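Notes to accompany the following structure.
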Amino acid sequence: MERTCDCCPNPAVVHETVVHSGIQTEVHLCAEHAEQRGYILPSATGPALIVGKLLQQVQSAAARPANACASCGTTMATVRETGLVGCPLCYRHFEDALGAVISRAQAGASVHVGRHPAHAADLVDRAAMRNRLARELREAVSREEYERAAKLRDRLHAIGGSPSDAFASADADDATRVEGGSAE
Amino acid sequence: MSTSGREPIDDERTPEGRGSQQPHASPLIGFGDAWGDARGDARGGSEIPCGDCVLSSRIRLARNLVGFSFVNRATQSQLSDVVHRVQATRLGGPFESGVRWVNVQATAPVDRLLLFERNLISRPFVEATHPRCVAISTDETASVMVNEEDHLRLQMLAPGLQLRPLAERMFALDSALDRGLEFAFHPRFGYLTACPTNVGTGIRVSAMLHLPALHMLEELEKVQRAAKDLHLAVRGFHGEGTDALGDFFQVSNQTTLGRSEQDLVDEFTDSIVPRFVEYERAARRALCERDLASLDDRVFRALGILRACRLLALDEAIKFLSRVRLGVALGRISDIPLGLVNRLLLEVQPAHLARARGGELGNGRDDRAARADLIRAALR
Ligand SMILES: [Zn+2]
Ligand SMILES: [Zn+2]
């Protein structure tokens, strides 16, 4: 399956694994975001040779505590101390821990409903699709339709979802509602 | 976009480095007489929805750019980069008819405070030292703070209860910005913000309520409990602690995830704000029916003090103006328009007094004298 950019739905052309103190962090970026973040791409087609920013990142990572956000170096300890997150990618890096914090602060709500940026229309559609498949999977399992469940599970995998999503939260259906119109 | 229009405030001024003995004309006087009237500060109350009990409505959206650390984690050069990107973007909606960019980092303290007193920037934005700026629409109903806690804080203001029209204009502005900037977004968490409790819509809907009758009847605690039950945040006149509430009471949402912007705006417009307005109106009726003479005494005693005093502290000014506002809203005082009282509530603040003097922030005694003079002249 083609890996998408960490920042947008475009296909990633930069794939990097940074290992520090035994912690592996993956970075996947499209050409545009790679350039924005200081990666230098030799050509549009050739393999991504990465210099510059990445070297800086690895060097500064040496001074970073284990399990910091690969992009900005923030740790969950810092988030707890300051009440602030370091960068958008922290939300990916600390998805579970932040998910718990957010849900507590938001009276149990865990899924966004409302406007979204035009560039995220795809993400929102995929999230909606994942949630629909997850709901159907849940129903199939509860009716003991295992053959159907297996098919749904495969489709869920194919779009980047996990069967555990189906049982993670009873109100996962809410994610299929994207109201308030798009940003356009 | 031409760079000449970006920094209207003369640049040789360093953030803090002005000798206080050196008088200067406030550059923000350049905003001219458009200040005030367009926002309805000077208009009467009858044509403003719920103007008798609601001072103003406000909507704020938090947005951040993809590819940058949040403000708390960004370098100075990243912050400058964010400023330039936003300034290069066409602002839509209320900014179509004119926009003024103010380089807040390079602005004198008195002018930063003036923007704060006019609800165009936040208290932390006044005091920060990093690169930041604010776009202000010429009619002063909209502002975009760049590099507050989030990269962008869009804000719109209107007198009375006007959240639905505000929301419509806010969505237009958001869409216009979305065409030129890439906002950080997560399919589950929604718009990503520096503070994890603001994610989702990133919206803050609020109304500044004027509840003098509930205060007189000592019912404010009940109001506060009701607000808490509705998951609302409650604040005083300028967002200060709840102990300094006085008669002004700002309610705003705390939940930003799991409900659409429109849903929230509808709930504030149709149910939450009308509920507080009804409480207050019932309390006003009760005061009139039970003991009109005593109510009149409080109202006209306040008016008498404002018309006669020579030294007036800020908290006193707000207290007495609040009582006069009540008298005007109930028709007990007929020769003072509600809009004038609303305007005075802004103009009695320290930076406004300094601006009227054309100089620096004054000391307490100067301010008390200037405040008393201003009000006496206005209410003559
Ligand atoms: Zn991308
Ligand atoms: Zn981060």
Exercise for the section: Kindly provide the set of residues from region B:323-358 that are small (Gly, Ala, Ser) and open to solvent by 10 Å² or more (accessible area, probe 1.4 Å), ordered by number. Expected result: B:ALA329, B:GLY331, B:SER334, B:ALA356, B:GLY358
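One line per residue, one yes/no per condition, for (1) over 29 Å from B:ALA354 (Cβ atoms); (2) hydrophobic (A, V, I, L, M, F, W, C):
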position	(1), (2)
B:THR75	yes, no
B:ARG85	yes, no
B:ARG90	yes, no
B:PRO94	no, no
B:VAL99	no, yes
B:ALA108	no, yes
B:PHE116	no, yes
B:ASN119	no, no
Handout entry: Every residue from region B:197-207 that is facing another protein chain (nearest Cβ under 7 Å) and surrounded by 24 or more Cβ atoms within 10 Å (Cβ to Cβ)
Key = B:VAL199, B:GLY200, B:THR201
Practice task
Hey, can you tell me all the residues within region A:77-103 that are near ligand 2 (Cβ under 9 Å from one of its atoms) and open to solvent by less than 40 Å² (accessible area, probe 1.4 Å)?
Solution key: A:VAL85, A:GLY86, A:CYS87, A:PRO88, A:LEU89, A:CYS90, A:TYR91, A:PHE94
Handout entry: Flag if B:ARG365 is assigned to a helix (DSSP H, G or I) and surrounded by fewer than 15 Cβ atoms within 10 Å (Cβ to Cβ)
Key = yes
Practice task
Kindly indicate whether any position in region A:8-20 is at the interface with chain B (Cβ under 9 Å from one of its Cβ atoms) and modelled with pLDDT of 75 or more.
Solution key: yes
Exercise for the section: Would you mind stating whether B:ARG285 is open to solvent by 30 Å² or more (accessible area, probe 1.4 Å) and within 30 Å of B:ASP111 (Cα to Cα)? Expected result: no
Exercise for the section: Enumerate the pairs (first residue in region B:132-152 and within 17 Å of B:SER80 (Cβ to Cβ); second residue anywhere and acidic (Asp, Glu)) with beta-carbon separation below 9 Å, excluding pairs fewer than 6 apart on the same chain, so at least 6 apart or on different chains. Expected result: B:ARG132/B:GLU148; B:CYS133/B:GLU7; B:VAL134/B:GLU148
Practice task
Kindly provide the set of residues from region A:82-109 that are more than 7 Å from chain B (Cβ to nearest Cβ) and in a loop (DSSP other than H, G, I, E, B), ordered by number.
Solution key: A:LEU89, A:PHE94, A:GLY108
Fill in the blank from the handout: Conditions (1) under 17 Å from the mean Cα position of the chain (by Cα); (2) at pLDDT 90 or above; (3) surrounded by fewer than 21 Cβ atoms within 10 Å (Cβ to Cβ) -> B:ALA135 fails only (3)
Practice task
Would you please list the contacts, defined by Cβ atoms under 7 Å and residues six or more apart or on different chains, that run from a residue in region B:65-79 that is open to solvent by 70 Å² or more (accessible area, probe 1.4 Å) to a residue that is within 16 Å of ligand 1 (Cβ to nearest atom) and modelled with pLDDT of 95 or more?
Solution key: B:ARG73/A:CYS87
Problem - Positions within region B:138-169 being β-branched (Val, Ile, Thr) and part of a strand (DSSP E or B), in sequence order - result: B:VAL144, B:VAL146
Practice task
Output yes when any residue across region A:96-115 is away from ligand 1 (no atom under 16 Å from the Cβ) and farther than 17 Å from B:GLY258 by Cα, and no when none is.
Solution key: yes
Completion exercise
Among the residues of region B:160-184, the number that are closer than 30 Å to A:THR78 by Cβ and open to solvent by 20 Å² or more (accessible area, probe 1.4 Å) is 1
Handout entry: Selected residue [in contact with a helix residue (DSSP H, G or I) (Cβ under 7 Å, 6 or more places away or on another chain) and touching a residue at least 60 places away in the same chain (Cβ under 8 Å)] from B:PRO212, B:PRO196
Key = B:PRO212
Practice task
From (1) under 18 Å from B:LEU120 (Cα atoms); (2) touching a residue at least 60 places away in the same chain (Cβ under 8 Å); (3) surrounded by fewer than 22 Cβ atoms within 10 Å (Cβ to Cβ); (4) not hydrophobic (A, V, I, L, M, F, W, C), pick out the condition that doesn't hold for B:GLY236.
Solution key: (2)
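The values are calculated or read from the model by the stated rules, or taken from the named source; none is laboratory data. Everything numeric here is computed off the predicted structure, so don't read it as measured data. Positions of Cβ are generated from backbone atoms using ideal geometry, with glycine treated the same way; all protein chains shown enter the neighbour counts. All accessible areas refer to the heavy atoms of the entire protein, side chains included, with ligands and DNA or RNA removed. Shrake-Rupley method; radii C 1.70, N 1.55, O 1.52, S 1.80 Å.
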